[in-house]
Amino acid sequence: MLQANGYIGVPQNRVDGRAKVTGAAQYAAEFDAPNLAYGIVVSSAIAKGRITSIDASAALAVPGVIQVFTHENRSRTAWFDRSYRDETAPPGSPFRPLYDDAVVYSGQPVALVVAEEYEIAACAASLVQIEYETDTHLTDIDLAKNEAYAPPRKRSGVKEPPSPRGDAEEAFVQAPVKIHHEYRVAIEHHNPMEPHASTVIYQEGGKLVIHDKTQGAQNSQSYVASVFGLSSDDVQVVAPFVGGAFGSGLRPQYQLFLAVMAALELKRSIRVVLTRDQMFTFGYRPLTIQTISLGAGPDGKLQSIMHDAIQTTSPWEDYQEVVVNWSNLLYHCDNVKLTYKLAQVDTYTPIDMRAPGAAIGVTAIETAMDELAYATGIDPIELRLRNYTETDEANKKGFTSKELRACYQIGAERFGWSKRNPEPRSMRDGRELVGWGMATGVWEAIMQKTAARAVLTQDGKLEVSSATADIGTGTYTILTQIAADTLGVNMEDVTARIGDSSLPKSPVQGGSWTAASAGSAVQTACQTVREKLFKYARQMDDSPLANASIEQVTFANGKILLTNDPSSSVTFAQAMQAGGVDRIEAEEKASPSLQTSMSYSGYSHSAVFAEVRVDEGLGIVRVTRIVNAVAAGTILNPKTARSQILGGVVFGIGMALEEESMLDHNLGRFMNHSLAEYHVPVNADIYDIDVIFVSEHEDKLNPMGVKGVGEIGVVGTAAAIGNAIYHATGKRIRDYPITIDKLL
Ligand code: MOS
């Protein structure tokens, strides 16, 4: 079916690459409108309490200031209680900007200053005088954890920990070898290059066209329509390009609310852009206290796994992600107990960040497994092979496919693992200690119901569209490849349109599901166009295909030809002429197979190998080599897929060594809210990253066998680095990031 031009599975340049590097690609804050006004958000200075007074008179006196919106004069159009919609929201009641005088977290938006120019709004914002009455806040998880609770309402799509099996506590007591430790990964903020921004264009009659920084145009659309009581016909959200998001754009953020509110109130177009500081005033990867107990025999075989996690959420929503389930999914064990609890702190609700849950849960379990390798004297790969499982034991299902063994083997070969002396501090190069470590990675292969449209015109051009997004992942390119291959046209003749709420229905881009979901939808729509086209071709007078079935023909180079007699062919144009049409259009939906999900579990897997060099005197760590061997089913485009894994690995290096949002618990505030103080890896921190796609035959999840690669690259990387640091230095750090102070 997909043979035609053979674009799939072959490296392809990004079809949107030129637009991006030439500046032709427009982002949310770059769209212009006549008479555009600018809004600047004023953020609260306290973490908890009440606003006793807001004096905007000095701000309003600045020439060019149009209005200052606060809880005292905000419009009453918002009606969160009855019809709030956000497909990605956790259970609870959402944060409502400017709702009343209550301050519930530090950095909360408390006013919006609107002016004729950005600089005027920024200046006036500094003149808004706010008095507060402070209340006691709590931001420290170590104090909040005593009140931790199992979430009463489950977040949709988040699997709760499976029920205990066997008797993990007793088995742990009896086990000859025991590992029992607490693991932490610091709070992280997403910090995409493009800050959150909304440009709301107010049209005659009150219709809104909104350029929003979002991973889901339709999610932002339904949020705006429901919150402001508008008809969805009057709200169009457009986000063709997104400058990174990593999960921060899954939920509509407060700048969208504020910009729409001001536009409706002022009947005027307005743009609100968050500052880099303000990028630290909404969701984050939550701090999680994880306790892992592993009991094993001297042969390394696991006899007991216990993994408990306590994770922060806000007082108003029960944020949830899958932290602990991975422990049992990765390894065979008869006695397993997993628990997951939430502790409320006075911050904004956390939000998914690349491989939410897995990125931190697997970091903990894979560090603990390395400790078990040392405790038993068994090579870390051998230990994992001895505990390998061919089934999802908690759910008693087989895997749709699982080439993790091959990841270990091929990754180890490429890395040169067999040359490793397991003794810590045994390798040295000048003043640097050298260490090699490895870890396993895993991520769920998800598919979501998604629709797509395909339109073929007589000039041989094909347009495919879906409301899905491309947050830098390469979606434009893979959709173009799939469409071109399915209909047998050149990629240059295909246009993919996405990121617009008016296009066929799609969920947010997230969970690494877009390639499988939007990809399958585009494939299905193009197949329908194929069938229609073929029908016309057969109807043509003296058609050489009159007696052929669709299985006997090939679609290639704008023609339908008999596969075993290519000289017999009909061009697309001839077929359409015969059918008396100048365009063929089809809209189709693709959904995950219920049968598959009832019988199988679908996951992608990886084996990550890291080499570090640690300056013994200074404690500086360099990650000089990473090999990441990934099994993720069909790789549609090895070039853009490799970029996804590279990005994930860089994220993992950040998690291992640098990224940490620091709370001052006295102020209840994140203190390092800039890219100068919140450290992410830069080019100088990155050396060799070798990405291997291990061949994996997948035929159950979707027709193309796609699992997705947006998130698996980060999973396991931090643990591999931490394990390499232990091998280099003999120091086991269980509190990520492993900064210099912890190593010296
Ligand atoms: Mo991803 S954290 O699902 O955008």
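What follows is calculated from the coordinates using simple rules that are stated; it is not laboratory data. Everything numeric in this text was worked out from a predicted model, so none of it was measured. Cβ: placed from backbone, ideal geometry, glycine included. Neighbour counts: every protein chain shown.
Please give the charge dipole size of the chain, origin at the Cα centre, charges +1 on K and R Cβ atoms and -1 on D and E Cβ atoms. Round to the nearest 20 debye. Don't skip to the end; give the middle numbers.
Working: 66 positive and 87 negative charges, 207 e Å.
With Lys and Arg at +1 and Asp and Glu at -1, about 1000 debye.
List, in order, the whole-Hz ³J(HN,Hα) value for each residue of the range 474-481 obtained from phi through the Karplus relation with A = 6.51, B = -1.76, C = 1.60 and θ = phi - 60°; use x for Gly and Pro.
x, 4, 3, 6, 5, 5, 5, 4
For the range 279-305 and the range 199-214, compute the distance between their C-alpha centroids and round to whole Å.
Centre-to-centre distance over Cα atoms comes out at 45 Å.
Using only the Cα atoms of the chain, build the gyration tensor, take square roots of its eigenvalues as a ≥ b ≥ c, and label the shape rounded, prolate or oblate: rounded if a/c is under 1.5, else prolate if a/b is larger than b/c, else oblate. Mind showing how you got there, number by number?
Numbers: a/c = 1.87, a/b = 1.05, b/c = 1.78.
It comes out oblate by the Cα gyration axes.
Using Cα centres only, tell me the gap between the range 507-565 and the range 157-193 in whole Å.
48 Å
Applying the Karplus parametrisation 6.51 cos²θ - 1.76 cosθ + 1.60 with θ = phi - 60° to the phi angles of the range 238-253, what ³J(HN,Hα) value in whole Hz is obtained for each residue in order, glycine and proline being reported as x?
So the J values, rounded to whole Hz, are 10, 8, x, 10, 9, x, x, 7, 6, x, 5, x, 6, 9, x, 9.
For the range 507-615, what does the relative contact order come out to in percent, with C-alpha contacts under 8 Å and a separation of six or more?
Working: 99 pairs, mean separation 29.7, N = 109.
Averaging sequence separation for qualifying contacts and normalising by length gives 27 percent for the range 507-615.
Provide Ser426, Ser293 in ascending order of the number of other Cβ atoms located within 10 Å of each residue's Cβ, fewest first.
Ser426, Ser293
Considering the dipole of the range 598-733 built from charges on the beta carbon (Lys and Arg +1, Asp and Glu -1) around the Cα centre, which of Asn637, Ile733, Met598 is farthest to its positive end?
Going by the Cα projections, it comes out as Met598.
Students often check this: by mean Cβ neighbours within 10 Å, which of 434-440, 569-575 ranks highest, and how do the rest follow? Intermediate values should be presented prior to the final figure.
Numbers: 434-440: 25.1, 569-575: 20.4.
Final packing ranking: 434-440, 569-575.
Taking the Cβ of Val177 as the center, what net charge do the other residues with Cβ under 12 Å away carry, scoring Lys and Arg +1 and Asp and Glu -1? List each step's numbers first, then the result.
Values: positive: Lys178, Lys301; negative: Asp299, Glu371.
Every neighbour counted, the sum reads 0.
List, in order, the whole-Hz ³J(HN,Hα) value for each residue of the range 707-717 obtained from phi through the Karplus relation with A = 6.51, B = -1.76, C = 1.60 and θ = phi - 60°; use x for Gly and Pro.
The phi angles translate into 10, x, 9, x, 10, 4, x, 7, 6, x, 5 Hz.
Tell me what the chain gives for mean residue ellipticity at 222 nm when only DSSP H runs of n ≥ 4 count, each as -39,500 (n - 2.57), the sum divided by the residue total, rounded to 500 deg cm²/dmol.
Numbers: 19 runs with 191 residues, N = 744.
One gets -7500 deg cm²/dmol as the mean residue ellipticity at 222 nm.
As a footprinting exposure proxy, order Glu366, Glu371 by other Cβ within 10 Å, with the fewest listed first. List each step's numbers first, then the result.
Details: Glu366 30, Glu371 18.
Placing the least packed residue first, the sequence is Glu371, Glu366.
Under the rule of at least 5 residues apart or a separate chain, name every residue whose amide H is placed under 5 Å from the amide H of Gly716.
It is Thr363, by chain and number.
Given N residues in the range 206-290, what is Rg(Cα) / (2.2 N^0.38 Å)?
1.17
In angstroms, what radius of gyration and Dmax does the range 519-670 have, counting Cα atoms only?
In Å, with Rg to one decimal and Dmax whole: 26.9, 84.
Using alpha carbons only, how many angstrom separate the centre of the range 424-485 from the centre of the range 1-44?
16 Å
For the range 348-400, give the magnitude of the charge dipole about the Cα centre (Cβ charges: +1 Lys/Arg, -1 Asp/Glu; no others), in debye to the nearest 20. Before the final figure, lay out each step's value.
Working: 5 positive and 9 negative charges, 39 e Å.
Charge dipole, the range 348-400, about its Cα centre: 180 debye, nearest 20.
What is the set of long-range amide H partners of Gly243 at a cut-off below 5 Å, with H atoms built 1.01 Å from backbone N?
The answer is Glu194.
Using Cα-Cα distances under 8 Å and only pairs 6 or more residues apart, what relative contact order does the chain have, in percent? Present the calculation step by step, with values, prior to reporting the outcome.
On the way: 1929 pairs, mean separation 127.3, N = 744.
Worked out over the chain, it gives 17 percent.
Taking K and R as +1 and D and E as -1, what net charge do the other residues with C-beta under 13 Å from the C-beta of Glu698 add up to? Let's see the in-between values first.
Values: positive: Lys402, Lys700, Lys707; negative: Glu403, Glu696, Asp699.
After counting each charged neighbour, the total is 0.
With the cut-off at 1.5 for a/c, could you classify the range 427-547 from its C-alpha gyration tensor as rounded, prolate or oblate? Mind dumping the intermediate values first?
Working: a/c = 3.07, a/b = 2.33, b/c = 1.32.
Here the range 427-547 falls in the prolate category.
Could you list Leu675, Leu744 in order of exposure, starting from the residue whose Cβ has the fewest other Cβ atoms within 10 Å? Don't skip to the end; give the middle numbers.
On the way: Leu675 13, Leu744 10.
The order, fewest Cβ neighbours first, is Leu744, Leu675.
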